[in-house]
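To start, the structure under review is shown below, and the notes come after it.
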Amino acid sequence: MSVILTQTDTTVGFLSQDSLKLQEIKSRNSLKPFIKVYSNIKAFKENGNRVPNSKKSLIRRSKKTTFIVKNRAFRIANNNLNSSLLRASKWNYSTSANESGKNFDREFCESKADIIIEDKDSLYEGNPSSLYKINSKKTERLR
């Protein structure tokens, strides 16, 4: 599996279906899971995921938001980039493109990525997604 460096819906990030490669690049604790980004709600459901009925419309309408349900983090992010490579993938693990605890360094990121996808707006470090932990009874904002 390849590691892709691209502008995500929130900030510049690494995407891959291989979490071990991302873990190695980021020098990240193996116990800390990655966010799984789905291309649409249909792909999310096809992957066997479920959310509380009372939160379905919140998830469908959300933009730039990550949710944690039963200790699994996910985000639905319709990719705006005109990339057939990204459109072909229904999901990817996602992480910010930097060394753990550091800011975006283009040289570091380019050396670690197998594929770089960049549009006319270039790559930029934006604000991270909002983060909510949800269950059937409550919604807790974490970031």
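Looking at (1) in contact (Cβ under 8 Å) with a residue 60 or more places away in the chain; (2) surrounded by fewer than 16 Cβ atoms within 10 Å (Cβ to Cβ); (3) more than 17 Å from Trp91 (Cα to Cα), which is the one condition that is false for Lys26?
(2)
Please enumerate the residues belonging to segment 76-103 that are surrounded by fewer than 19 Cβ atoms within 10 Å (Cβ to Cβ), under 18 Å from Tyr124 (Cα atoms) and modelled with pLDDT of 75 or more.
Glu99, Ser100, Gly101, Lys102, Asn103
Output the qualifying pairs, or none if there are none: Cβ atoms under 6 angstrom, residues six or more apart or on different chains, first residue in segment 1-16 and within 9 Å of Ala113 (Cβ to Cβ), second residue assigned to a loop (DSSP other than H, G, I, E, B).
Ser2/Asp114; Val3/Ala113; Val3/Asp114; Leu5/Ala97; Leu5/Ala113; Phe14/Val3; Phe14/Ala97
Determine which single condition Asn49 fails, assuming it passes every other condition in (1) in contact with a Leu (Cβ under 9 Å, 6 or more places away or on another chain); (2) assigned to a loop (DSSP other than H, G, I, E, B).
For Asn49, the exception is condition (1).
Considering each of Lys56, Lys102, Lys133, Lys63 in turn, give the residue that is of a type in the set (D, E, K, R) and assigned to a strand (DSSP E or B).
Numbers: Lys56 fails: assigned to a strand (DSSP E or B); Lys102 fails: assigned to a strand (DSSP E or B); Lys63 fails: assigned to a strand (DSSP E or B).
Only one candidate passes the filter, namely Lys133.
Quick one: Arg143 ticks every box in (1) at pLDDT 85 or above; (2) surrounded by fewer than 16 Cβ atoms within 10 Å (Cβ to Cβ); (3) not in a loop (DSSP other than H, G, I, E, B) bar one, so which box is it?
Unmet condition: (3).
The values are calculated or read from the model by the stated rules, or taken from the named source; none is laboratory data. Fair warning: this is a prediction, and the values are worked out from it, not measured in the lab. With ideal geometry, Cβ positions are generated from the backbone for all residues, glycine too; neighbour counts draw on all protein chains shown.
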